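Single-structure report; data block below.
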Amino acid sequence: MKTIILLSKDIVLFTGLNTLANQKQTSIYNALTIKKVIKHASDPDTIGIIIDLHHLHDEDFFNNLDKIRHHFNGPIIILTKVFDAHSAKKMFKIKASVCLTSYNPDLILAQLISLIWLNENPRKIVENQEDIHDYLLSEHKKINLDLRQYPPKLNGKILNLTSKEFKLLKFLFENQNHVLSREQLLDGVWEYEDEYNTTRIVDMHISNLRDKIEADPANPQLIKTVRGLGYMLKLPNQ
């Protein structure tokens, strides 16, 4: 059975996590000492580690987290009653995954499951040859855009796009040669998330994309503005 290692003297926390984990066919092993965490970190069934700092001396923790990381490359969640930016920075420096001030078992387990998924699916997108695009900017200049994975690549070099810019670019390519209204882009890319429910966010991201992928952003050849209607992605010289 998959196992999550917990280091805590909080019986309420252990009971809550254990009940929730059992529903997901996962067990909670309460290590009680940091030495036992190190001992079991390399067990093949270990999928995550949760460490409660409340009953630990800082030096004891910082001296041993590096040893835990030597045996385990999965997610490690640190729980602390009070957030201290200086201590948090030290934790992240020695590769803690997340620092939480909440002792809510449901929230902790949800965060851990999310981190486990990310660890098992490292920025993976199903490869599809249709996500490789070659286009000519001129007779002598060819551009290769590889959208098979995040971050994408432009002419073999990593293209620094945010996740939303990447999703927007893929959506435009999936609908190339079709005019898309701002509302269609909002629906397709942002799915009308409340905080982004404005067409202005579309214009801003289109502008950012042009800055990063167009040879001349002021005279875009790839992402065209169709006045009064929206935007269209059209491969030049195709």
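The values are calculated or read from the model by the stated rules, or taken from the named source; none is laboratory data. Values in this document were obtained by computation on a predicted structure and should not be read as measured data. Reconstructed Cβ throughout: ideal geometry from the backbone, glycine too, with neighbour counts over all protein chains shown.
For the condition in contact (Cβ under 8 Å) with a residue 60 or more places away in the chain and farther than 20 Å from Lys9 by Cβ, what is the one hit in Asp106, Asp43, Asp66?
Values: Asp43 fails: in contact (Cβ under 8 Å) with a residue 60 or more places away in the chain; Asp66 fails: in contact (Cβ under 8 Å) with a residue 60 or more places away in the chain.
Among Asp106, Asp43, Asp66, only Asp106 is in contact (Cβ under 8 Å) with a residue 60 or more places away in the chain and farther than 20 Å from Lys9 by Cβ.
Would you pick out the residues in region 74-96 that are buried (at least 19 other Cβ atoms within 10 Å of the Cβ) and either of a type in the set (A, V, I, L, M, F, W, C) or free of Cβ contacts under 8 Å to residues at least 24 places away in the same chain (or both)?
Scanning region 74-96 gives Ile76, Ile77, Ile78, Leu79, Met91, Ala96.
Can you find a residue in region 32-51 that is out of contact with any strand residue (DSSP E or B) (no Cβ under 6 Å at 6 or more places or on another chain), modelled with pLDDT of 90 or more, of a type in the set (Gly, Ala, Ser) and farther than 21 Å from Asn119 by Cα?
no
Quick one: how many residues across region 70-99 are under 28 Å from Asn121 (Cα atoms) and either among the hydrophobic types (A, V, I, L, M, F, W, C) or under 19 Å from the mean Cα position of the chain (by Cα) (or both)?
18
Can you confirm whether region 62-78 contains a residue that is out of contact with any strand residue (DSSP E or B) (no Cβ under 9 Å at 6 or more places or on another chain) and either aromatic (Phe, Trp, Tyr) or assigned to a strand (DSSP E or B) (or both)?
For region 62-78, residues out of contact with any strand residue (DSSP E or B) (no Cβ under 9 Å at 6 or more places or on another chain) and either aromatic (Phe, Trp, Tyr) or assigned to a strand (DSSP E or B) (or both): present.
Across region 184-231, which residue is modelled with the lowest pLDDT among those that are surrounded by fewer than 17 Cβ atoms within 10 Å (Cβ to Cβ) and hydrophobic (A, V, I, L, M, F, W, C)?
Ala215
Is there a residue in region 25-35 that is of a type in the set (Phe, Trp, Tyr), within 19 Å of Ile4 (Cα to Cα), assigned by TED's automatic domain parsing to the domain that holds Leu7 and not in a helix (DSSP H, G or I)? Walk me through it before giving the result.
Kept after step one, since they are of a type in the set (Phe, Trp, Tyr), are these residues of region 25-35: 29.
Filter once more, so that each one left must be within 19 Å of Ile4 (Cα to Cα): 29.
Checking the rest, the ones that are also assigned by TED's automatic domain parsing to the domain that holds Leu7 come to 29.
Adding the requirement that they be not in a helix (DSSP H, G or I) leaves 29.
Scanning region 25-35 turns up at least one residue that is of a type in the set (Phe, Trp, Tyr), within 19 Å of Ile4 (Cα to Cα), assigned by TED's automatic domain parsing to the domain that holds Leu7 and not in a helix (DSSP H, G or I).
Can you tell me how many residues in region 44-73 are closer than 18 Å to Ala21 by Cα and surrounded by fewer than 17 Cβ atoms within 10 Å (Cβ to Cβ)?
Applying the first criterion (closer than 18 Å to Ala21 by Cα) to region 44-73 yields 44-52.
Applying the additional criterion that residues be surrounded by fewer than 17 Cβ atoms within 10 Å (Cβ to Cβ) yields 44-45.
Matching residues across region 44-73 total 2.
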